[in-house]
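What follows is calculated from the coordinates using simple rules that are stated; it is not laboratory data. The model shown is predicted, which means the values in this text are computed figures rather than measured ones. Neighbour counts are summed over all protein chains in view; Cβ atoms, including those assigned to glycine, are modelled from backbone coordinates with ideal geometry.
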Amino acid sequence: MMFIDISVKLSDRIPAWPGSSGVSITRVRSIERGDATTDSYLSCDVHSGTHLDAPAHIFADGATVDALSLESLIGPATVVEHDALGHITATTLERMVIGSDTKRLLFKTQNSSLWNRKEFAKDFIGLTADAAEWIVRRKIEVVGIDYLSIEPFGQNLGTHSILLRSGVIILEGLNMSSVTSGQYEMICLPIRLAGAEGAPARAVLKPVTMTLKDVP
C-alpha cells in the first residue's frame, strides 16, 4: 500500500502569510542537555502550512473546524494539473476532465515549487470567484490547492465566501510535487481544535489510477 504525503512539514523554513508570526518549534527540555525527557513548544497560527479552513474563518456563525465532517475528508479524490500561469477560472475547470461524481478536488499547480523558498510569494495561483461558483454547482465537498490560500492574493475573500457559505471545506497549503493527475483515495485529518476557524492537517493520497489529463 503506497501513500503519498501531500502535507508540508511545519517548520520555520516554510513561507508564512503576511502578518503571521509563522511557525516556531522551540526545544524546552533535551536529553542531550541532561534532562529526563525531550520536550518542545510549538507556536503557529492555525493557517500555517497544510491546513483546513472552516466556515467560521469567514462567517461569525459558521461551523468551526472540530465540527467538520470526517466523511468528507476521507474518500475518493480527483487530482487535476493546471500548468498555466494564470488563475483557475470556471472556463479553466470546464476544460479539465473532472467526473460529475467528484466530491474531493485537488489542484496541482506551479505553486508547489514555491515551498522551496522561505519568502512568501504573492503571485501564487488561486481560484477566481466564478471557479468557486462552478465548484459549488458541482456539489464538490472538499477543494484543495498547493499554497497558503485558495484565493488569489489581494482579492476580497469572494472565493472563500462562496465556498464556505455553501459548506465546501477548503484545504490549503498542499505540496503536490510528487503527485500526477488521476484518481486517489484521500485521508486528511485536521487537529481537533475546539472552536477554531481552521487547523493544521496531515493529508495523504493513495493512488488508484493515473490517467486523467487536461483537455487541450
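Report, to two decimal places, the Cα Rg of the range 2-81 normalised by 2.2 N^0.38 Å (N = number of residues).
Values: Rg = 17.2 Å, N = 80, 2.2 N^0.38 = 11.6 Å.
Dividing the Cα radius of gyration by 2.2 N^0.38 Å gives 1.48.
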Limiting things to C-alpha atoms, what are the Rg and the maximum Cα-Cα separation (Dmax) for the range 162-203, in angstroms? 12.6, 35
What translational diffusion coefficient, to the nearest whole µm²/s, does the chain have by Stokes-Einstein, given a Kirkwood radius computed over alpha-carbon pairs, a temperature of 4 °C and 1.567 mPa s viscosity? 73 µm²/s
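List, in the order given, every pair from Lys139/Lys206; Lys118/Lys206; Lys9/Lys122; Lys108/Lys206 whose Cα-Cα distance in the structure shown is over 26 Å. Walk me through the intermediate numbers first.
Numbers: Lys139/Lys206 23 Å; Lys118/Lys206 29 Å; Lys9/Lys122 21 Å; Lys108/Lys206 16 Å.
Cα-Cα > 26 Å for Lys118/Lys206; rest within.
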If each of Met2 and Asn156 carries a label point 7 Å out from its Cα toward its Cβ, how far apart are those two points in nm? 4.7 nm
Return a whole-number percent for the relative contact order of the range 1-143, with Cα pairs under 8 Å and 6 or more residues apart as the contact set. 22 percent
How would you order 46-54, 71-79, 14-22 from highest to lowest mean count of nearby Cβ atoms within 10 Å? 46-54, 71-79, 14-22
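How big is the antiparallel share of DSSP beta bridges in the chain, given as a percent to the nearest 5? Working shown, then result.
Details: 27 of 38 bridges.
Taking every DSSP beta bridge within the chain, about 70 percent pair in antiparallel fashion.
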Whole-Hz Karplus ³J(HN,Hα) for the range 67-78, in order, using 6.51 cos²θ - 1.76 cosθ + 1.60 and θ = phi - 60°, x for Gly and Pro? 9, 5, 6, 5, 4, 6, 9, 10, x, x, 9, 10
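With only Lys, Arg, Asp and Glu charged, each at its Cβ (+1 for the first two, -1 for the last two), find how big the charge dipole of the range 22-158 is about the Cα centre; round to the nearest 20 debye. Walk me through the intermediate numbers first.
Values: 13 positive and 19 negative charges, 49 e Å.
Dipole magnitude for the range 22-158 comes out near 240 debye.
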Contact order normalised by length for the range 68-150, with contacts defined as Cα pairs under 8 Å and 6 or more residues apart; what percent is it? 39 percent
The range 55-103 pair-distance distribution - Cα-Cα, 5 Å bins, rounded %: 5, 14, 18, 13, 16, 22, 11, 1
Starting at the first residue of the range 108-117, write each ³J(HN,Hα) from the Karplus equation 6.51 cos²θ - 1.76 cosθ + 1.60 with θ = phi - 60°, in whole Hz, x for Gly and Pro. 9, 10, 5, 4, 4, 6, 6, 5, 7, 10
From DSSP H assignment alone, runs of 4+ in the chain each adding -39500 (n - 2.57), the sum over residues rounded to the nearest 500 puts [θ] at 222 nm at -3000 deg cm²/dmol
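Is the shape of the range 131-216 best called rounded, prolate or oblate, per the rule: a/c under 1.5 gives rounded, else a/b larger than b/c gives prolate, else oblate, with a ≥ b ≥ c the square roots of the Cα gyration tensor eigenvalues? Before the final figure, lay out the partial values.
Values: a/c = 1.74, a/b = 1.22, b/c = 1.43.
In terms of gyration-tensor shape, oblate.
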I'd like the Karplus ³J(HN,Hα) series for the range 160-172: coefficients 6.51, -1.76, 1.60, θ = phi - 60°, whole numbers in Hz, and an x wherever there's a Gly or Pro. 4, 4, 4, 5, 6, 4, 8, x, 6, 7, 9, 10, 10
